[in-house]
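Structure record follows, encoded as structure tokens.
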Amino acid sequence: MDILIVEDEPEIAKLIQLRLEREGFTCHWCRDGLTALQVFQKQQPDVIILDLMLPGLDGLEVCARIRQRPGAKDPYILMLTAKGEEIDRVIGLSTGADDYLVKPFSPTELVARVRALLRRSLRYGGQSLVYRTQHFTVDADRHIASRQLDSGESEPLDLTTLEFNLLATFISQPGRVWNRTQLIDKLWGNDFFGDERVVDTHVARLRKKIEPDPSNPTFVKTVIGVGYKFEDEAIV
Ligand code: CA
């Protein structure tokens, strides 16, 4: 497993790198955003640990460019941010990060998060599951999701791994009401340490990609005081 560390503070980078290498990961390190994009293309890492505040291109821009690059490997992105430092933007809708960690953090927690991210890709692996509803098809095995348009054509959905897993979870049981704890359990297993708000972030991001009107959702509905449910007619 290859990990790219993008961090301009050498002490922090070194600490992360030593710890991850001790756990058996192969690490690459760079200290600015532009180099990060070049290393990403060359090394195709499985995970990117991306500091938010970087010289040149910042972490958000790097994240956006990696997510936009078609055909490339879709890595897990763990964003690092200092406390209070634009944290709303980090957990907000503008990033494609899968998870975030607020500095200062313990190396042990970082390793646990990385392992949790990597386990996610195995969660649906090995299962040949295709879910169909009136408007969506999710092939959990091949990691492909598409939306059926009114014209009858289907349009592929460009989802991050986490968004994909969230949609797969929803579509596996249309009509089921999920609370945040249940969704966290589905998406992160027992490895979750963060704030439950992160669920809302990913739901909002998914809505932006699948809902005709994200502010008035048709499919992923909010169940006030509980959580969320997915509504669409299942096709068996
Ligand atoms: Ca920094």
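The values are calculated or read from the model by the stated rules, or taken from the named source; none is laboratory data. Keep in mind that what you see is a predicted model, and the values were worked out from it rather than measured. We place every Cβ from the backbone using ideal geometry, glycine too, and count neighbours over all the protein chains shown. Note: areas computed on protein heavy atoms with side chains; ligands, DNA, RNA excluded. Shrake-Rupley method; radii C 1.70, N 1.55, O 1.52, S 1.80 Å.
Listing for the model above:
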| item | result |
| --- | --- |
| Among Arg147, Arg22, Arg67: highest mean-square fluctuation, GNM of the chain, C-alpha pairs under 10 Å | Arg22 |
| Residue-level accessible surface for Thr160, protein heavy atoms, 1.4 Å, Å² | 10 Å² |
| Two-site label geometry, Gln173 and Arg132: point separation in nm, points 7 Å out along Cα→Cβ | 2.3 nm |
| D_trans [Stokes-Einstein, Kirkwood Rh over alpha-carbon pairs] for the chain, 4 °C, 1.567 mPa s, µm² s⁻¹ | 70 µm²/s |
| Residue of Phe136, Phe105, Phe40 that the Gaussian network model of the chain assigns the largest fluctuation, springs spanning Cα pairs under 10 Å | Phe105 |
| R0 of 25 Å, Cβ-Cβ distance Ala204-Val111: FRET efficiency to nearest 0.05 | 0.30 |
| Pairs beyond 23 Å (Cα-Cα), from Lys103/Lys209; Lys186/Lys221; Lys42/Lys208; Lys208/Lys229 | Lys103/Lys209; Lys42/Lys208 |
| Given charges at Cβ of Lys, Arg, Asp, Glu: the chain dipole, positive-most of Val6, Ala204, Leu167 | Leu167 |
| With all protein chains modelled, accessible area of Asp232 [1.4 Å, Å²] | 30 Å² |
| Per residue, in Å², the accessible surface of the chain once ligands and nucleic acids are set aside, probe 1.4 Å | 48 Å² |
